[in-house]
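This report refers to the structure that appears directly beneath it.
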Amino acid sequence: MAEIILQVENVKKYFKVGKKDLKAVDGVSFNLEKHRSLGIVGESGSGKSTLARLILGLIPPTEGDVKLLGKSVFKVTKSENYHLRRQVQMVFQNPYLSLFPHMTIGKNIEEPLRLHNIGTKQTRKSIVLNLMEQVGIPHYYYNSFPHELSGGQQQRVAIARALALEPQLIIFDEPVSSLDVSIQAQILNLLLELKKEKNLSYIFIAHDLAVVEYVSDLIAVMYLGVLVEFAQTEDLLNEPLHPYTQTLLKSVPVIGGEILNITISGEIPSPLNPPSGCPFHPRCSYKKEICTKEKPILKEIKEGHSIACHLY
Amino acid sequence: MEYLLEIKNLKTHFNTKEGIVKAVNGISYGLKKGETVSIVGESGSGKSVSVLSIMRLLPPYAKINGEIIFKGENLLTYDDKKMRKIRGNNISMIFQDPMSSLNPTIKIGQQIMEPLLWHHKVSKNEARHKTIQILTEVGIPSAKERFHQYPFEFSGGMRQRVMIAMALISEPDLLIADEPTTSLDVTVQAQILQLIRKIQEKRGTSVILITHNLAVATMVSDYIIVMYGGRIVEKATTEEFLKKPLHPYTLGLLNSIPILKSKKSLNTIPGQPPNLRELEEVGCPFAKRCGKKMSRCEEENPPRIELSDTHIVYCWLYE
Ligand SMILES: Nc1ncnc2c1ncn2[C@@H]1O[C@H](COP(=O)(O)OP(=O)(O)OP(=O)(O)O)[C@@H](O)[C@H]1O
Ligand SMILES: Nc1ncnc2c1ncn2[C@@H]1O[C@H](COP(=O)(O)OP(=O)(O)OP(=O)(O)O)[C@@H](O)[C@H]1O
Ligand SMILES: [Mg+2]
Ligand SMILES: [Mg+2]
């Protein structure tokens, strides 16, 4: 069996809003094997970015655990933490905000190496130039500043920086949402290449299902803080089982298509006032009595295909 | 019918220490009441700068030339005070980056009400009522409680919906939406597009939509404008755009789109986007990356080819 790089174990994150708990992530569990890519889709506010921050150990969980290479990211000693930090990196949606504006491109990519005392000034420079090549940024940008690069180039620099420490896992949080489709295509192809050549595992968060399909072996669908479906990409797209996933697929915009009169009725629920029972029931056209009362749990109903729905 | 907005030969250049950035290099188009035009194109091709020029929301070192005729008057002759009356009242804008355009220290509800209180002089109670209604309409659940929250307590997509609410609350004649739905899931995206259309039908609002999603562009707009290197390279009705896209850059874009369950690998356009500081005055900005380049492409400006009254392409191939 393939080695497991990431174990997410019933992790929860509640934020206090006034006197109430906002359940941003409310019990998510899954494993990710090495060298695999997982796409996460789901509505805005469903907890995708919060889950990413939990996986990186950037915020403490309310409950549950995340293990990276068998070690909890929350219960590490300082020196272990230092080591762990190297293993997982993140790339954000807005490359401009994640690069240091007053540092050159070269320095931006070098920064994590410097922080981890890797190499000498000389060797670091050659590592940086090498990384620039890998992500397709010409060497003459070494001394340029971020604002002199296009959005797509900046995102490549952010990716180069994330690769600098040779992490095992990278989390991409909507990395191509703000890029034009031709640059998006470049970055997506780059990810596929890196995965093949560097044996990278990654988690890719995005709203565009076609984009997610292109780069992911597996897809997880989130809704209101929980996973509602989890499967191999092909299975999920060819046979979406959860009613929310089905609606998502129906809503994908198509060239020359019509704006769907989205069949989702009812109010979009709030994590502040989550509905009783299944979080999707107020918008679900198949809802039964039980759906308003009992929260369905994620169950594997076919090999590698899990859903949280009372219909099955 | 008359144009609500007519842009004539708009040029916007930035005088920076490192040289002049030629962000927008002579673009022209018109928009009638109730129409929607989508602007698509390269990152950095001047889409945002072109609409920020309309709103006059650019730093002082930006030089805007040409004419921006709105309801018969050239906005470029307006002073700041007159522009402030137009902004957020006759013309509203939904910005690309919701976090940096919301004030982090002011409660969401307060921020949305502001233009109402500022321009329409409704009572505070009415404003609050309207705000909660519009928040619900753009799909913010528990609007009454959310009203009192700060931007950081919202997810990216919810902040974007707040921006949309803010732009719509004053019922503008022209709505400029810069990537309004990129951070939303597709079901909410469809709802927002419907919402914009509903308001458009009710009030005859005209819309300029900037988007990277060509599918969305074709689904909502009457016209599509393709920009590259600060210029318009192709302009057509959506129908013409779908049937007969012509410019090599337009074709390159269409080939880069991933299509669900198609299993095709993506083509990219080789080469790098142009450096706007080194942009030549003559020649086609796309020539360096174009697979169909001829020698004259870099030496002469591309001709304006009219394939119909509404379909215009700037390219020597179709001469
Ligand atoms: N620091 C915080 N304090 C309070 N609430 C928060 C905080 N961060 C996030 N939230 C809330 O947690 C929920 C999940 O937010 P998150 O950013 O994880 O969503 P998301 O799935 O990434 O959404 P999007 O697709 O819009 O980026 C949202 O309701 C959000 O308002
Ligand atoms: N304030 C400014 N000072 C100097 N240059 C600027 C300024 N604002 C924008 N630019 C430059 O003008 C060019 C056009 O930028 P613009 O933001 O209009 O691109 P865009 O087409 O909206 O791209 P995207 O799709 O990435 O949003 C870019 O090269 C950008 O760097
Ligand atoms: Mg997010
Ligand atoms: Mg822009």
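The values are calculated or read from the model by the stated rules, or taken from the named source; none is laboratory data. Computed from a predicted structure; not experimentally measured. We place every Cβ from the backbone using ideal geometry, glycine too, and count neighbours over all the protein chains shown. All accessible areas refer to the heavy atoms of the entire protein, side chains included, with ligands and DNA or RNA removed. Shrake-Rupley method; radii C 1.70, N 1.55, O 1.52, S 1.80 Å.
Can B:LEU168 be described as more than 16 Å from ligand 4 (Cβ to nearest atom) and facing chain A (nearest Cβ under 8 Å)?
Working: more than 16 Å from ligand 4 (Cβ to nearest atom): yes; facing chain A (nearest Cβ under 8 Å): no.
No.
Which count do you get for residues in segment A:288-310 that are in a loop (DSSP other than H, G, I, E, B) and within 28 Å of the chain's Cα centre (by Cα)?
Count: 9.
Only one of B:LEU175, B:LEU184 is away from ligand 4 (no atom under 16 Å from the Cβ), over 22 Å from B:LYS107 (Cα atoms) and open to solvent by less than 10 Å² (accessible area, probe 1.4 Å). Can you tell me which? Don't jump to the end; show me each part of the working.
Details: B:LEU184 fails: over 22 Å from B:LYS107 (Cα atoms).
Of the residues listed, the single one that is away from ligand 4 (no atom under 16 Å from the Cβ), over 22 Å from B:LYS107 (Cα atoms) and open to solvent by less than 10 Å² (accessible area, probe 1.4 Å) is B:LEU175.
Would you check if A:GLY18 is more than 16 Å from ligand 2 (Cβ to nearest atom) and either open to solvent by 50 Å² or more (accessible area, probe 1.4 Å) or at pLDDT below 95 (or both)?
Working: more than 16 Å from ligand 2 (Cβ to nearest atom): yes; either open to solvent by 50 Å² or more (accessible area, probe 1.4 Å) or at pLDDT below 95 (or both): yes.
Criteria met by A:GLY18.
Taking B:ILE7 and the conditions (1) within 12 Å of ligand 2 (Cβ to nearest atom); (2) of a type in the set (Val, Ile, Thr); (3) buried (at least 22 other Cβ atoms within 10 Å of the Cβ), which numbered condition does it fall short on, given that it satisfies the others?
Of (1) within 12 Å of ligand 2 (Cβ to nearest atom); (2) of a type in the set (Val, Ile, Thr); (3) buried (at least 22 other Cβ atoms within 10 Å of the Cβ), only one is false for B:ILE7: (1).
Identify all residues within segment A:78-99 that are assigned to a loop (DSSP other than H, G, I, E, B) and either on the phi > 0 side of the Ramachandran plot or open to solvent by 80 Å² or more (accessible area, probe 1.4 Å) (or both); write none if there are none.
First, pick out the residues of segment A:78-99 that are assigned to a loop (DSSP other than H, G, I, E, B): A:92-94, A:99.
Hit for segment A:78-99 is A:PHE92, nothing else.
Having 2 or more residues that are in contact (Cβ under 8 Å) with a residue 60 or more places away in the chain and under 17 Å from A:GLU229 (Cα atoms) is the bar; report the strands (runs of 3 or more DSSP E) wholly within segment A:1-77 that clear it.
Filter on segment A:1-77 gives A:20-33, A:37-42.
Filter segment A:175-187 for residues that are at pLDDT 90 or above and surrounded by fewer than 23 Cβ atoms within 10 Å (Cβ to Cβ) and give the result.
None - no residue of segment A:175-187 is at pLDDT 90 or above and surrounded by fewer than 23 Cβ atoms within 10 Å (Cβ to Cβ), so the list stays empty.
Is it true that some residue in segment A:39-48 is of a type in the set (D, E, K, R) and either touching a Lys or Arg at 6+ places or on another chain (Cβ under 6 Å) or at the interface with another protein chain (Cβ under 8 Å from one of its Cβ atoms) (or both)?
So the first thing to find is which residues in segment A:39-48 are of a type in the set (D, E, K, R), and the list is A:43, A:48.
Of the ones still in play, those that are also either touching a Lys or Arg at 6+ places or on another chain (Cβ under 6 Å) or at the interface with another protein chain (Cβ under 8 Å from one of its Cβ atoms) (or both) are A:43.
Yes, because at least one residue in segment A:39-48 is of a type in the set (D, E, K, R) and either touching a Lys or Arg at 6+ places or on another chain (Cβ under 6 Å) or at the interface with another protein chain (Cβ under 8 Å from one of its Cβ atoms) (or both).
Going by what's in this entry, would B:GLU126 be described as more than 30 Å from B:GLY30 (Cα to Cα) and not polar (S, T, N, Q)?
Details: more than 30 Å from B:GLY30 (Cα to Cα): yes; not polar (S, T, N, Q): yes.
It is true that B:GLU126 is more than 30 Å from B:GLY30 (Cα to Cα) and not polar (S, T, N, Q).
Need the failing condition index for A:ILE255 against (1) over 25 Å from B:ALA215 (Cα atoms); (2) at pLDDT 85 or above, just the number.
(1)
Which of the following residues is small (Gly, Ala, Ser) and assigned to a helix (DSSP H, G or I): B:ALA177, B:ALA165? Steps first, answer last, please.
Details: B:ALA177 fails: assigned to a helix (DSSP H, G or I).
Step by step, each of B:ALA177, B:ALA165 is checked, and only B:ALA165 is small (Gly, Ala, Ser) and assigned to a helix (DSSP H, G or I).
Pick from segment B:243-283 the residues that are within 22 Å of A:GLN153 (Cα to Cα), of a type in the set (Gly, Ala, Ser) and in a loop (DSSP other than H, G, I, E, B): which of them is farthest from the other protein chains (Cβ to nearest Cβ)?
My answer is B:GLY271.
Taking the stated definitions as given, is B:GLY252 open to solvent by 10 Å² or more (accessible area, probe 1.4 Å) and in the same structural domain as B:ILE196 (by TED's automatic domain parsing)? Before you say what the answer is, go through the steps one by one.
Numbers: open to solvent by 10 Å² or more (accessible area, probe 1.4 Å): yes; in the same structural domain as B:ILE196 (by TED's automatic domain parsing): yes.
Taking the combined requirement at face value, the residue satisfies it.
Within the bounds of segment A:153-172, is there any residue that is within 16 Å of ligand 1 (Cβ to nearest atom) and of a type in the set (A, V, I, L, M)? If you could, list the steps in order and put the result at the bottom.
Looking only at segment A:153-172, we keep the residues that are within 16 Å of ligand 1 (Cβ to nearest atom), and these are A:171-172.
Among the residues that remain, those that are also of a type in the set (A, V, I, L, M) are: A:171.
Scanning segment A:153-172, I find at least one residue that is within 16 Å of ligand 1 (Cβ to nearest atom) and of a type in the set (A, V, I, L, M), so the answer is yes.
Just for strands (runs of 3 or more DSSP E) wholly inside segment B:1-96: which have at least 2 residues that are under 28 Å from B:VAL216 (Cβ atoms) and not hydrophobic (A, V, I, L, M, F, W, C)?
On the way: elements: B:3-16, B:19-32, B:36-41, B:62-70, B:91-94.
The strands (runs of 3 or more DSSP E) meeting that bar are B:3-16, B:19-32, B:36-41.
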